[in-house]
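Notes follow once the structure below has been shown.
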Amino acid sequence: MYQYLLRRLLTSLLVLLGVSVLVFSILHLVPGDAVTALLGRQNVSAERVSELRGRLGLDDPLPVQYVRYLSRALRGDLGISIRSSLPVSAAIAEQLPSTLALACSALAIALLLGFVLGLTAALRQGGWLDTALMGLSVSGMSLPTFWLGLLLILLFAVRLRWFPSISNSNSLADLTLPALTLGLPEAAVVARMVRASLLDVLGQEYVTVARAKGLPERRVVVGHALRNALIPVVTFVGLQLAYLLGGSAIVETLFARQGIGRLAVDAIANRDYPMVQGTVLVVATLYVAINTVTDIVYTVLNPKIRLQ
């Protein structure tokens, strides 16, 4: 088990190192640089431009700039925002709780609704309810996030006036529509995965033996089939939580909600290179951390993974 954890940790560190190299390289391949973004359309002398480049360390070779950036990042220093002149790490720390609240709320909706729909469809395999629920799931997976969000705003904010159209806080009222917009398509995916996984397990021989012993169907499903059916779902849930963290930019922009996704979009629009680097690196770190935890949970559910 310790060797497995050590391998996963080393793999995670290599992935993060690769992400930092990729982000750093891509941003330096974009036309212009931090000085161009900082000065905008101001007409300044070449001496002033040279002075700013020297102060920001842009005259150094790229490997030197990268090593300096990486050493600071390891100490929690992600640089200074070009637009706000505030530390990038402080800005991200301020916005991250909002994104975490949105992602966790959306994941809770996806798991609760998806699990109920998938379990119901699996236990009614081949019936009209199974067909209706799976058709509903396919429709949910096909809906674009921005269109679903606009539809929810029109219905619940404009027509019924149950919830606000602008999300200003992490209260239940402000979180409901953004969380539904982000969580409903994922609920459709969870429902199909739960159904497929549970049907596969219910067809195994040990489930047939349990039924042959005369055990009640509820005990067969809950006590024998459900745990093994959850193994692929756990892996999927970990990936989806990481996806929700990184994919919240559309929802945060649509509902004028603060968060790390909207922070990254604004930084890209303003060519705020340190902020873009910082947000991407933080999201990548969260993604890798969540996947590592998911793999550990996977080994608890299926101990044979440790031997692979």
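The values are calculated or read from the model by the stated rules, or taken from the named source; none is laboratory data. Note that this is a predicted model, so its numbers are computed, not measured. For neighbour counting, all protein chains shown are included, and Cβ atoms are generated from backbone atoms with ideal geometry for every residue, glycine included.
Values computed for the structure shown
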{"read-out": "Looking only at segment 189-208, and only at residues there that are part of a helix (DSSP H, G or I) and either of a type in the set (S, T, N, Q) or modelled with pLDDT of 85 or more (or both), the one that is surrounded by the most Cβ atoms within 10 Å (Cβ to Cβ)", "value": "197"}
{"read-out": "Which listed residue is assigned by TED's automatic domain parsing to the domain that holds residue 196 and on the phi < 0 side of the Ramachandran plot, from 70, 74, 113", "value": "113"}
{"read-out": "Test: residue in segment 160-173 that is on the phi < 0 side of the Ramachandran plot, assigned by TED's automatic domain parsing to the domain that holds residue 196, under 20 Å from the mean Cα position of the chain (by Cα) and of a type in the set (Phe, Trp, Tyr)", "value": "no"}
{"read-out": "Filter result (surrounded by fewer than 13 Cβ atoms within 10 Å (Cβ to Cβ) and outside any helix (DSSP H, G or I)) within segment 126-148", "value": "126, 127, 144"}
{"read-out": "Set 151, 102: member being assigned to a helix (DSSP H, G or I) and over 15 Å from residue 243 (Cα atoms)", "value": "151"}
{"read-out": "Sole exception among (1) over 26 Å from residue 259 (Cβ atoms); (2) out of contact with any helix residue (DSSP H, G or I) (no Cβ under 6 Å at 6 or more places or on another chain); (3) modelled with pLDDT under 70 for residue 4, by number", "value": "(2)"}
{"read-out": "Options 52, 107; residue that is modelled with pLDDT of 70 or more and either on the phi < 0 side of the Ramachandran plot or among the charged types (D, E, K, R) (or both)", "value": "107"}
{"read-out": "Only one of 157, 179, 187 that is assigned by TED's automatic domain parsing to the domain that holds residue 118 and free of Cβ contacts under 8 Å to residues at least 24 places away in the same chain", "value": "157"}
